[in-house]
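Below: one structure, written as structure tokens.
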Amino acid sequence: MTLHTKLFSPFKIKGVTFKNRITMSPMCMYSSTNENGKVAPWHYTHYISRAVGQVGLIMVEATAVQMAGRISTFDLGIWHDEHISGLKELVNSMKEHGAKTAIQLAHAGRKAELNSSIYAPSPLAFNRMKQPIEMSESNISDTIDAFQEGARRAREAGFDVIEIHGAHGYLINQFLSPLTNKRKDEFGGNREKRFTFLAQIIKAVKTVWHGPLFVRLSLDEYAEGGNTMDDFIYYAKKMKSLGVDLIDCSTGGVVHTPIHTYPGYQIVHAETIKHRANMATGAVGMITSGLQAEEILQNERADLIFVGRALLKDPYWPRSAAAELNEKLPPPAPYNHSW
Ligand code: FNR
């Protein structure tokens, strides 16, 4: 009898089944040409090769919901209906190879490297970057609308999953963290108020999106005075009650500080949120081998394994992981009959 590994077992959320637990972590390619945010030839090569490589869920990189929310002018965008057709073609091509598809909706806030004005909850610059403009209530409501419109466009493009980027010190994280949010209105002052911006985005997204919804968080701010694990458990429980299906557990990026990394350095956070908030989680960060991924899943430390750089180095990483675990993956579809 063959015992199947957990890494290559399916996972189902809201009627969407991923064929295995391997998720390609969102990674900016800064490859959109002409500063128009559109899908470019590189994106097809990059994402489709990972679909051929048997990744279960491919998450398209941080994609800007507003022009002012781009990390750089080469970011992918979803701020206009003109973006839908390129994304749709990309989604269809990935699906042809059996992958499920996700997109990370993002806004850089004070970490936008743009010549134009940049925005944040409070007028505090990140490290030596440009001073952001403190967002007015109308800036805030326009941005919430932009996430909603981004979600509507993602639905029209055919994505299976939406992830809201609430990590790495970008705009949503800037609202969540007491280190970057000094507001005294309904969007700041205590953790409940700092959560309001993300809560309103989730509610707005859910009016146009009924599929699986993930949120990426930075669960360690590596700085005194930042959110604590108790705060993150509080946010995760709130998100669960708002209908979020999975927390993708990353760390850092809120303030400029070195991070000590080592294999699996962020897994403990995925494990804590999974058990303390009773929420499905994704583990990410220096997960590079099939055995390591299998350990995380078998010990119920996370539900999905997000792989970043290992998949940049090897688009067929799932095949190497399968070989380590004595799993046999099917050959690429066109050769199915001759092998
Ligand atoms: C990233 N990362 C990242 N994270 C995110 O949430 N959105 C993004 O668009 C990006 N962009 C990005 C680009 C590149 C080139 C790298 C290497 C990383 C972080 C990434 O998703 C992942 O969390 C980390 O790389 C840690 O996982 P690995 O690489 O150790 O598996």
Restricting the search to segment 293-315, which residues are more than 11 Å from the ligand (Cβ to nearest atom) and either buried (at least 18 other Cβ atoms within 10 Å of the Cβ) or not in a helix (DSSP H, G or I) (or both)? E294, I296, L297, N299, E300, R301, A302, D303, L304, D314, P315
I'm checking my understanding of the structure. Among residues of segment 273-292 that are in a helix (DSSP H, G or I) and in contact with a helix residue (DSSP H, G or I) (Cβ under 6 Å, 6 or more places away or on another chain), which one is surrounded by the fewest Cβ atoms within 10 Å (Cβ to Cβ)? L291
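Looking at segment 316-334, which of its residues are assigned to a helix (DSSP H, G or I) and either small (G, A, S) or open to solvent by 70 Å² or more (accessible area, probe 1.4 Å) (or both)? Talk me through it step by step, then tell me what you get.
Of all residues in segment 316-334, those assigned to a helix (DSSP H, G or I) come to 317-324, 333-334.
S320, A321, A322, A323, E324, A333, P334, listed by residue number.
In the set G211, G252, G225, G243, which member is within 14 Å of the ligand (Cβ to nearest atom) and either modelled with pLDDT of 95 or more or of a type outside the set (F, W, Y) (or both)?
Of the residues listed, the single one that is within 14 Å of the ligand (Cβ to nearest atom) and either modelled with pLDDT of 95 or more or of a type outside the set (F, W, Y) (or both) is G252.
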L329 - would you say it is in contact with a helix residue (DSSP H, G or I) (Cβ under 9 Å, 6 or more places away or on another chain) and either closer than 25 Å to I13 by Cα or at pLDDT below 95 (or both)? yes
Which number in (1) away from the ligand (no atom under 14 Å from the Cβ); (2) open to solvent by 10 Å² or more (accessible area, probe 1.4 Å); (3) within 19 Å of the chain's Cα centre (by Cα); (4) without any contact (Cβ under 8 Å) to a residue 60 or more places away in the chain marks the one condition that Q66 misses? (4)
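Can G225 be described as more than 17 Å from T143 (Cβ to Cβ), in contact with an Asp or Glu (Cβ under 8 Å, 6 or more places away or on another chain) and of a type outside the set (A, V, I, L, M, F, W, C)?
Values: more than 17 Å from T143 (Cβ to Cβ): yes; in contact with an Asp or Glu (Cβ under 8 Å, 6 or more places away or on another chain): no; of a type outside the set (A, V, I, L, M, F, W, C): yes.
No; evaluated as a whole, the condition is false for this residue.
With in contact (Cβ under 8 Å) with a residue 40 or more places away in the chain and either in contact with a Phe, Trp or Tyr (Cβ under 8 Å, 6 or more places away or on another chain) or within 16 Å of the ligand (Cβ to nearest atom) (or both) as the only criterion, which of I84, I140 stands out?
Details: I84 fails: either in contact with a Phe, Trp or Tyr (Cβ under 8 Å, 6 or more places away or on another chain) or within 16 Å of the ligand (Cβ to nearest atom) (or both).
Of I84, I140, the one residue that is in contact (Cβ under 8 Å) with a residue 40 or more places away in the chain and either in contact with a Phe, Trp or Tyr (Cβ under 8 Å, 6 or more places away or on another chain) or within 16 Å of the ligand (Cβ to nearest atom) (or both) is I140.
Quick check: is even one residue across segment 41-60 basic (K, R), over 20 Å from N139 (Cβ atoms) and open to solvent by less than 40 Å² (accessible area, probe 1.4 Å)? So that I can check it myself, show each step before the final result.
To start, the set of residues in segment 41-60 that are basic (K, R) comprises 50.
So of that shortlist, the ones also over 20 Å from N139 (Cβ atoms) come out as 50.
Of the ones still in play, those that are also open to solvent by less than 40 Å² (accessible area, probe 1.4 Å) are 50.
Yes.
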Could you give every pair whose Cβ atoms fall below 6 Å, whose first residue belongs to segment 227-250 and is in contact (Cβ under 8 Å) with a residue 12 or more places away in the chain and more than 11 Å from T281 (Cβ to Cβ), and whose second residue is part of a helix (DSSP H, G or I) and away from the ligand (no atom under 16 Å from the Cβ), counting only separations of at least 6 or pairs across chains? D231/R191; I233/R276; L242/I202; G243/K206
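Kindly evaluate V161 against the criterion of being more than 20 Å from R110 (Cα to Cα), touching a residue at least 24 places away in the same chain (Cβ under 8 Å) and crowded, with 19+ Cβ neighbours inside 10 Å. Walk me through how you get there before you give the answer.
Working: more than 20 Å from R110 (Cα to Cα): yes; touching a residue at least 24 places away in the same chain (Cβ under 8 Å): yes; crowded, with 19+ Cβ neighbours inside 10 Å: yes.
Here the answer is yes, as V161 does meet what is asked.
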Of the residues I267, I233, I259, which is over 20 Å from L171 (Cβ atoms) and open to solvent by 60 Å² or more (accessible area, probe 1.4 Å)? I259
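If I ask for residues that are in a helix (DSSP H, G or I) and buried (at least 23 other Cβ atoms within 10 Å of the Cβ), which ones from segment 69-90 would you list? Write out each step before concluding.
At the first step, the residues of segment 69-90 found to be in a helix (DSSP H, G or I) are 69, 81-90.
Result: G69, H83, L87, L90.
The values are calculated or read from the model by the stated rules, or taken from the named source; none is laboratory data. In this text the structure is predicted, and so the values were computed from the model without any measurement. Note that each Cβ is placed from the backbone with ideal geometry, even for glycine, and that neighbours are counted across all protein chains shown. Note: accessible area is taken over every heavy atom of the protein model, side chains too, but ligands, DNA and RNA are not part of it. Shrake-Rupley method; radii C 1.70, N 1.55, O 1.52, S 1.80 Å.
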